[in-house]
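The structure under discussion appears below in the form of C-alpha cells.
The values are calculated or read from the model by the stated rules, or taken from the named source; none is laboratory data. The model shown is predicted, which means the values in this text are computed figures rather than measured ones. For neighbour counting, all protein chains shown are included, and Cβ atoms are generated from backbone atoms with ideal geometry for every residue, glycine included.
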Amino acid sequence: MLAAGAQATCWPLVARAGRKHHPVVLLGFDGVDPRLVERFGRAGMLPNLMRLARSGHLGPLASTSPPNSPVAWSTFATGRDPGEHGVFGFLTRDAGNYLPAIAPYSISPPRFSPYRAARAVSRRQGRDFWQTLDGRGRSLTMLFVPYAYPPPRLRHGRVIAGLGACDLRFTNSSFTYYTSESSRAGKKSRAAGGRIVPVQVVSGQVRTSLQGPWGPGGKPLTLPLVLVVDRRSHQVTINLAGQRQRLTPGQRSNWFKVVFTAEGHQFAGRLRFHLIEVTPDLKLYATPIGLDPRRPALPLGWPGKWLSRSVQQHDLSTVGWVHDTSAVNAGVLPAEVFLQQLLDTMQQRASLLLREISTALPQVTLAVFTGTDRAAHMFYRQLDEPRGGAIGRVYRLMDDIVGRVQSRLPAGCQLVVMSDHGFHPFDHQLHLNNWLVQQGMQVRRRAGQAMKFLRGIDWSRTSAYALGNGQIYVNQLGREGKGTVPAGPARQAVLEKAAKTLLELRHPETGRRPVRAVVPVADRAAAGVRDRAPDLQVAFAPGWRSSWETSLGGAPATGIFAPNPKAWCGDHAASHEPETPGFIACGKRLRKPDPWIGDLANSLLALCGIEGEGRGRALL
Ligand SMILES: [Zn+2]
C-alpha cells in the first residue's frame, strides 16, 4: 500500500499494475432525458453520442422510485433497491421530533466549548461497488460522483467529492447577496439557499460583513467586508481578508481566500463575487463559501495534495451543489449569468477529467456532471425554442465532452455514458399537507394558518403527514414521537384511504389527475431501514409535483392546488418512475433488453473480472 502523499507521484505505476482487463470510463450526466437525447440526436446536435451508439446501444435506463438523484445514485453505487440501501429521497425525518434531515448522509457542524470538529457520516446501507473494486486492487478515479459522501478513502484511487460536499456554513449551499435596493432595505432576510443583506452606500463605501460558520454561543463568525463604490466609472472594489479586487458590472472575481477563527480553531474557505449592477442600485452576488481544499473542515477527497492541486489548476468550486439554482429562484442571480457559470463549471470539470485520463488511465474512471440536470430544472420552459434553448446548449456541451473523452481513450477501452433519471415540466404543485387536512387525516391546532416544519399540527388527532418530495408518513404509534395510529389494520386503513383518494383526485378546473401512482415504500423496505422509509411515495403525472412548502413539512394557509411560482420549472423528484427513465449509451450491444441503473455496479465489476452481488445484472 502507498502512503496517501506518495500516491500522487506513483500514480502511473498504480494505474498500470496488474491490469488484465481493458479500462472502463463511465460518464454520468445527471438528469439527461432519453427523449431529449433522441430529439437532439435526430437534429444532428449530438454527433459523438450517436457515433458511440452506432455499433452499440443508446436508449432508456430504468431509474428508481422516486426517480431522483440521492435515490438513483445510491442504487447506482450499491446495485440495490432503495428498500435495501435505505435512501428514499433528498430528505428523511426524525420520527421522534418530526424534523427533516438529509437522507443520504448527516453533517454535524463543529461544536464549541468544548470543541468538537465537524463530522460527516453516510446513512447508506450496503457496499458501494467502488469499495469492492478497491478491495480487489483495481485502480479507480472518482470525480464528482453524487452522494458518494463522505468521499471514500480508497487505497488504489483518487476521489473528488461531488453532491454531498457542503459549504463552509455546513449547508448544502448558501449564497450571500448584497444590495442597496430600497425595496430590500431594513432587515437582513433569508432566502431558500442563501441570505440577502441590504446595504447602504455612504460616501462611496459600503461597510458590511461576510458571514461564515456558526461560532460559540450560536453566533455567526464574520469577516469585515468593505466595498468601495465608484458610480462614475461603474466599478466596485472589494476588500476582504486583506485581499482586494476591482469589478465592473458583469464581471466575476477571482477566488478570495477567507479564514474564520473561533476558540483557536480555523475554518478556511474560498468564494467569488459577481458584480451584477452598480447603478442605480448596487447588486453584488457572493457564491457559497467552499471549503478550502488545502485544509478542508470536512473531507473533500483523497489524496489531499492531488485534490488541492486539481481544484486550483482547474479553477473548481468545492461545493457539491455547485450550480446555484437557489440564487436564481430568489431572483438575485440573472439566469444568463447562472447559465454561463454552469457551462464554465462543466468545462472545468471536463478539463480535469481529460487530464486524468490522458496522464494515466486507471482501471475504472467515474466522472459525473450535474449541469445537465440543473439546466433542465431552470430552463425547461425554453425547450420549445429552436434547438432546445439553454438545455440544447448544455446537451451539446455534454456531447462535446463525450467526444473529447472518446478521442483520448485507447482501443479496447469501454466507454459508458448514462444518466440517473429523466425530466418533466413542473407547472402545478399540490399541497399534500392541506390535502391531508381536507381528508380528515391531519388536524392543525389553528385552522387556516400557514405551516412550516410540521409545526402547528395537533398530533393527537393526526393520522398522516407529508414531507419531502411526495412522501407521506403515517403518524404511527410507537414509531413517531406523538404517534396515534397502531401498526396493523388501523395503519393499513390510513394507507389505503390516502392511496385511493389521491388516485381519484382531479384538478377542479381542468379535470386532470395529478397523481399517476401511489407506491407503498416502508412495507417493502428491509427491516434495518424500514423506520426511516416514508409509508407512501406519491408518483406525479408530468407537469405536477408536491409543493415547495411540502418539501419541508409545510403548507400555505389554504389551498390544495397552486401554480409553480418559481424559475425552477422542470422536475422529476416525485415523478412516476416508469415515465422518467435516464439514458444509457455505449459502444457495445447490451446483454439485457431492459437495463436498470442498479445493473451498472455489477456491469463495472464484471468488466474488471469481479463477480458482483444483489439483483443487478451485467449489461456488458
Ligand atoms: Zn434534478
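Kindly evaluate Tyr149 against the criterion of being more than 20 Å from the chain's Cα centre (by Cα) and of a type in the set (Phe, Trp, Tyr). Here the answer is no, as Tyr149 does not meet what is asked. In the stretch 534-554, the residue that is surrounded by the fewest Cβ atoms within 10 Å (Cβ to Cβ) out of those that are within 16 Å of the ligand (Cβ to nearest atom) and polar (S, T, N, Q) is Ser551. Take His428 and tell me if it is within 16 Å of the ligand (Cβ to nearest atom) and either surrounded by fewer than 22 Cβ atoms within 10 Å (Cβ to Cβ) or under 22 Å from Trp321 (Cα atoms) (or both). It is false that His428 is within 16 Å of the ligand (Cβ to nearest atom) and either surrounded by fewer than 22 Cβ atoms within 10 Å (Cβ to Cβ) or under 22 Å from Trp321 (Cα atoms) (or both). Going by the structure shown, is Gly468 on the phi > 0 side of the Ramachandran plot and at pLDDT 95 or above? Yes, satisfied. The set of residues from the stretch 555-573 being away from the ligand (no atom under 16 Å from the Cβ), surrounded by fewer than 21 Cβ atoms within 10 Å (Cβ to Cβ) and in contact (Cβ under 8 Å) with a residue 60 or more places away in the chain comprises Pro556, Ala557, Thr558, Gly559, Phe561, Ala562, Pro563. Residues satisfying the criterion are present in the stretch 103-117 (criterion: without any contact (Cβ under 8 Å) to a residue 40 or more places away in the chain, surrounded by fewer than 22 Cβ atoms within 10 Å (Cβ to Cβ) and within 16 Å of Leu163 (Cα to Cα)). Of the residues screened, Arg491 is one that is surrounded by 22 or more Cβ atoms within 10 Å (Cβ to Cβ), over 18 Å from Leu430 (Cα atoms) and among the basic types (Lys, Arg). Would you please name the residue that is farthest from the ligand (Cβ to nearest atom), looking only at residues in the stretch 360-378 that are among the polar types (S, T, N, Q) and over 21 Å from Val337 (Cα atoms)? Selected residue: Gln363. Of the residues that make up the stretch 379-387, is at least one over 18 Å from Val159 (Cβ atoms), part of a loop (DSSP other than H, G, I, E, B) and in contact with a strand residue (DSSP E or B) (Cβ under 9 Å, 6 or more places away or on another chain)? No, the stretch 379-387 contains no residue that is over 18 Å from Val159 (Cβ atoms), part of a loop (DSSP other than H, G, I, E, B) and in contact with a strand residue (DSSP E or B) (Cβ under 9 Å, 6 or more places away or on another chain). Candidates Gln243, Gln266: the one that is outside the structural domain of Lys566 (by TED's automatic domain parsing), under 29 Å from the mean Cα position of the chain (by Cα) and among the polar types (S, T, N, Q) is Gln266. Touching a Pro at 6+ places or on another chain (Cβ under 8 Å) and of a type outside the set (A, V, I, L, M, F, W, C): is that true of Thr325 in this structure? So Thr325 fails the test. For the stretch 379-400, the candidate set comprises residues that are among the hydrophobic types (A, V, I, L, M, F, W, C) and surrounded by 24 or more Cβ atoms within 10 Å (Cβ to Cβ); within that set, the residue that is farthest from the ligand (Cβ to nearest atom) is Met398. Among the residues of the stretch 50-72, the one identified as away from the ligand (no atom under 11 Å from the Cβ), within 24 Å of Pro151 (Cβ to Cβ) and part of a helix (DSSP H, G or I) is Val71.
Could you list, in sequence order, all residues of the stretch 161-179 that are part of a loop (DSSP other than H, G, I, E, B) and of a type in the set (S, T, N, Q)? Passing the criteria: Thr171, Asn172, Ser173, Ser174.
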